[in-house]
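Colleague: Take a look at the following structure, please.
The values are calculated or read from the model by the stated rules, or taken from the named source; none is laboratory data. Quantities reported herein were computed from a predicted structural model and do not represent experimental measurements. Neighbour counts are summed over all protein chains in view; Cβ atoms, including those assigned to glycine, are modelled from backbone coordinates with ideal geometry. Quick note on the areas: whole protein, heavy atoms, side chains included, nothing else; ligands and nucleic acids left out. Shrake-Rupley method; radii C 1.70, N 1.55, O 1.52, S 1.80 Å.
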Amino acid sequence: MFKFGKKFLDFEKNNRFIQRVLFLSIPTAFIFILLVAVDLMSMVMAIVSFTSIIIFNIILLFPITFEMQQVKKYIENLASGQNVEDYNMKLSEKDSQAIVEAVNAMHSFWAQKNDILEAQTISDTAVLDSLPDPIMMIDRSGNILGANLSARTLFGKNITNKNVDKLFNSNNFIEAVNRVLKKESTSENLIFYVKQPKSQKLYAHIKQLPWLSKGRAVAVISIYDMTKALKIEKMQSDFVANASHELRTPLAIISGFIETLQTSAHDDEKARDHFLAIMKDQAEYMSALIENLLSLSRIELNQDQRPSEKADVEKLIDEVKLALDHKAQEREMNIVVEKEAHLPEITADKAQVKQIIQNLTDNALKYGTAKTDITISVHRANHVPPSKSYKVAEGEALAISVNNKGHKISPEDLARLTERFFRLQEHKDLNIKGTGLGLSIAKQIILRHRGNLTVSSTTYQGTTFTIYLPVEQ
Ligand SMILES: Nc1ncnc2c1ncn2[C@@H]1O[C@H](COP(=O)(O)OP(=O)(O)O)[C@@H](O)[C@H]1O
Ligand SMILES: [Mg+2]
């Protein structure tokens, strides 16, 4: 009862509950006054009856009004995002219960919708951020409203405070954006050049957003950096030019000798034998060149595929030694193999690893000093030495070295050994057969295995090529 009274007092403070009850009782009061005035009821009787009506009214109306008040507070809490799960409400009125249930149903419906939207936004952002090219959204005045990770990295974190005309110092780009903003065109594609912060050739695609999107964004801009693609394109065309040049030289020699044999040397038997021998050499060179070019393009084709075979390096070395022992004898050289005990098998492309070992040993035989030893050694290494241009594999590795005695290679030449078609002048002068592609093939294979290649050359120790291949891929 006391509790009820306290509630009642509280309630009275901020509600006109009592006033409302009194107001509702005004017509009844009039009737009682009238009854007393015409002497149909005594004054005392009228006061007692009127007071009991008021008390009944209060008792009947209070619970529903009080519960309404509670429901109101509950909805307010819900709207302000507070946790309402342990909000203590004892509702006895059916109507208030029904209202609370309806509000709860509505609330969970919107909460679910909100969750879906939130998940969608997160996944949309993740997708946009994972794209390699910068993407931005702009409003009607060209202000940047949003930018993906790549754009934020390129233009800075505060890109969203900028106007799009501050991004590049290019009138063509600004005009193209304006054409889309003024709805003169629905999309624009252009290639433009910028000098700041670095010299770049860029491709931009500016697209008006469909009317359906209700937000402030009216257009999307995506930028593609063409500088790298151009560089690769140039490298490829240089390669084709080099390859054609290399093929044209022996072909010209062969054609020249054919003509000589058909004319001036037609009846000279001695000259004929000499020329035919040169032609055979050149034809062999051409076929080696084609073989190497094909090998290079085959390797590049599956460059992105991780090797998955198990390779026993010791066995591969033995096979190479067996294949080249005969060639070594011709130069009175000896192939010595040094292996550390208990070497692990590695995850690698067996044929490719054998190809590198064979290339390196073949080089040692060709360019090493005659009558000396060639040493192929293999041992464990803690890790692959890091490379400046790509990420090497982590973990244990095998180091396979091929050493030969010979002239010291100058540091400038050492740095260029893996360039395509590069050959040392002294070897060209000595007429040692080669295409200048063996080491670039080796480099490409090592790159695929995420290993590394090192070369050292000194007068006393000769030249040593070391391949590092990770044990696990
Ligand atoms: N072991 C080595 N000692 C000295 N020079 C080498 C050695 N290996 C390679 N070279 C030099 O590097 C050049 C490129 O080698 P490579 O790519 O295998 O092509 P190729 O052997 O067909 O000429 C060779 O022509 C040679 O001048
Ligand atoms: Mg070679």
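Colleague: Could you work out how far the C-alpha centroid of the range 71-106 sits from that of the range 336-351, in angstrom?
Modeller: Going from one Cα centre to the other spans 74 Å.
Colleague: Once the cut-off is 18 Å, how many percent of the Cα-Cα pairs in the range 245-301 end up in the long-distance tail?
Modeller: Value for the range 245-301: 44 percent of Cα pairs lie more than 18 Å apart.
Colleague: Give the relative contact order (percent, whole number) for the range 299-355; include only Cα pairs under 8 Å separated by 6+ residues.
Modeller: About 58 percent, as a whole number.
Colleague: Looking at the range 392-473, which trypsin sites (Lys or Arg not before Pro) are in a loop (DSSP not H, G, I, E or B) and have at most 15 other Cβ atoms within 10 Å?
Modeller: The qualifying sites are LYS408, LYS433.
Colleague: Under the definition of Cα pairs under 8 Å and six or more residues apart, what whole-number percent is the relative contact order of the chain?
Modeller: The value is 9 percent.
Colleague: Using the Cα gyration tensor of the range 288-376, with a ≥ b ≥ c the square roots of its eigenvalues, what is the shape: rounded (a/c below 1.5), prolate (a/b larger than b/c) or oblate (neither)?
Modeller: oblate
Colleague: Then there's this: Alpha carbon centre of the range 22-45 versus the range 424-473: separation in Å?
Modeller: With the range 22-45 and the range 424-473 each reduced to a Cα centre, they are spaced 118 Å.
Colleague: Working from Cα positions, state the angle (0 to 90°, nearest 10) between the long axis of helix 269-301 and the longest principal axis of the chain.
Modeller: Between the helix axis and the principal axis of the chain, the angle is about 10 degrees.
Colleague: A further question on this structure: If I model a spin label at ASP273 and LYS90 as a point 7 Å from the Cα along the Cα→Cβ vector, what separation in nanometres do I get?
Modeller: 12.5 nm
Colleague: Right, next: Along each of the three principal axes of the Cα atoms of the range 307-470, give the extent in whole Å, ordering the values from largest to smallest.
Modeller: Here the Cα extents, ordered largest to smallest, are 42, 33, 27 Å.
Colleague: Given the options GLN200, THR369, GLN97, identify the residue whose Cα lies farthest towards the positive end of the charge dipole of the chain (+1 on Cβ of Lys, Arg; -1 on Cβ of Asp, Glu).
Modeller: About the Cα centre, the residue reaching furthest to the positive side is GLN97.
Colleague: Compute the long axis of helix 313-330 from its Cα atoms, compare it with the longest principal axis of the Cα atoms of the chain, and write down the angle in degrees, 0 to 90, nearest 10.
Modeller: Tilt of helix 313-330: around 20 degrees.
Colleague: Let me ask another. Work through the residues other than ALA323 whose Cβ is under 12 Å from its Cβ and net out their charges, Lys, Arg +1 and Asp, Glu -1.
Modeller: Taking every Cβ under 12 Å from that of ALA323, the sum is -1.
Colleague: With charges only on Cβ, +1 for K and R and -1 for D and E, what is the dipole size of the range 307-470 about its Cα centre, in debye, rounded to 20?
Modeller: Approximately 460 debye in magnitude.
Colleague: Counting helices only, and only those DSSP H runs with n ≥ 4, report the 222 nm mean residue ellipticity of the chain as the sum of -39,500 (n - 2.57) divided by its residues, in deg cm²/dmol to the nearest 500.
Modeller: -18500 deg cm²/dmol
Colleague: Expressed as a rounded percentage, what relative contact order does the range 307-470 have, with Cα pairs under 8 Å and six or more residues apart?
Modeller: Averaging sequence separation for qualifying contacts and normalising by length gives 24 percent for the range 307-470.
Colleague: Can you list residues whose amide H is under 5 Å from LEU209's amide H, if they're 5+ apart or on another chain and H is modeled 1.01 Å from N?
Modeller: Correct list: ALA219, VAL220.
Colleague: Pop out the Kirkwood hydrodynamic radius of the range 343-428 from its pairwise C-alpha distances, inverse of mean 1/r, in Å to one decimal.
Modeller: 15.2 Å
Colleague: Quick one: Cα convex hull volume of the range 131-225, Å³ per residue?
Modeller: 89 Å³
Colleague: Using r as the Cβ-Cβ distance of ALA288 and SER389, and R0 as 41 Å, what FRET efficiency do you calculate, to the nearest 0.05?
Modeller: Plugging the Cβ-Cβ distance into 1/(1 + (r/R0)^6) gives 0.90.
Colleague: Over the heavy atoms of SER80, what accessible area does a 1.4 Å probe trace out, to the nearest 10 Å²?
Modeller: Surface open to solvent at SER80 totals about 80 Å².
Colleague: Can you compute the FRET efficiency between ILE432 and THR125 using 1/(1 + (r/R0)^6), with r the Cβ-Cβ distance and R0 = 51 Å? Round to the nearest 0.05.
Modeller: 0.30
Colleague: Same structure, new question: Residue by residue through the range 144-154, which ³J(HN,Hα) values in whole Hz follow from phi under the Karplus form 6.51 cos²θ - 1.76 cosθ + 1.60 (θ = phi - 60°), with glycine and proline marked x?
Modeller: 7, 8, x, 8, 6, 4, 4, 5, 5, 5, 6
Colleague: In addition: Could you pull out the pairs from LYS198/LYS391; LYS321/LYS405; LYS280/LYS354 whose alpha carbons sit more than 22 Å apart here?
Modeller: In this structure, LYS198/LYS391; LYS280/LYS354 exceed 22 Å between Cα atoms.
Colleague: Take every Cα-Cα pair in the range 283-325 and report what % of them are more than 13 Å apart.
Modeller: 70 percent
Colleague: Additional query: List the lysines whose alpha-carbon lies under 30 Å from that of LYS113, not counting same-chain residues fewer than 8 positions away?
Modeller: Filter leaves LYS72, LYS73, LYS90, LYS94, LYS207, LYS214.
Colleague: Could you order TYR87, TYR224 by accessible surface area, starting with the largest, using a probe radius of 1.4 Å?
Modeller: Order by accessible area, largest first: TYR224, TYR87.
Colleague: While we're looking at this one, here's another question. Across 20 Å bins from the origin, how do the percents of Cα pairs in the chain run, short distances first?
Modeller: 15, 25, 22, 16, 10, 7, 4, 1, 0
Colleague: Also, quick follow-up: Would you mind pulling out the separation of the Cα centroids of the range 247-324 and the range 112-171, in Å?
Modeller: For the range 247-324 versus the range 112-171, the Cα centre distance is 55 Å.
Colleague: Given R₀ = 35 Å, FRET efficiency for TYR224-ALA111 by Cβ-Cβ distance, to 0.05?
Modeller: Taking R0 as 35 Å, the efficiency between TYR224 and ALA111 is 0.30.
Colleague: Through the Karplus equation 6.51 cos²θ - 1.76 cosθ + 1.60, θ set to phi - 60°, convert the phi angles of the range 218-231 into ³J(HN,Hα) values in whole Hz; use x for Gly and Pro.
Modeller: Along the range 218-231, the couplings run 10, 8, 10, 10, 10, 10, 10, 7, 8, 4, 5, 4, 5, 5 Hz.
Colleague: Where does helix 438-448 land angle-wise versus the long Cα axis of the chain, in degrees 0 to 90, nearest 10?
Modeller: Tilt relative to the chain: about 20 degrees.
Colleague: Right, something else. Using a 1.4 Å probe and ignoring any ligands, DNA or RNA, find the accessible area of MET43 and quote it in Å² to the nearest 10.
Modeller: The accessible area comes out at roughly 120 Å².
Colleague: Can you give the Rg to Rh ratio of the range 73-119, both from alpha-carbon atoms, with Rh computed by the Kirkwood formula?
Modeller: Dividing the radius of gyration by the Kirkwood radius yields 1.03.
Colleague: Under a plain spin-label model, where a point goes 7 Å from the Cα along Cα-to-Cβ, how far apart in nm are LEU24 and GLU419?
Modeller: 10.1 nm
Colleague: Working out 0.36 nm times the residue gap between ASN178 and MET41, then minus their Cα-Cα distance, what length gain in nm do you get to one decimal?
Modeller: Net length gain for the segment: 40.4 nm.
Colleague: Now a separate question. Going Cα to Cα from LYS228, which aspartates and glutamates come in below 20 Å? Please leave out same-chain ones fewer than 8 positions away.
Modeller: ASP133, ASP238, GLU300, ASP304, GLU419
Colleague: When the chain is fully extended, how far beyond the present Cα-Cα distance does SER297 get from SER410, taking 0.36 nm per residue of separation?
Modeller: 37.7 nm
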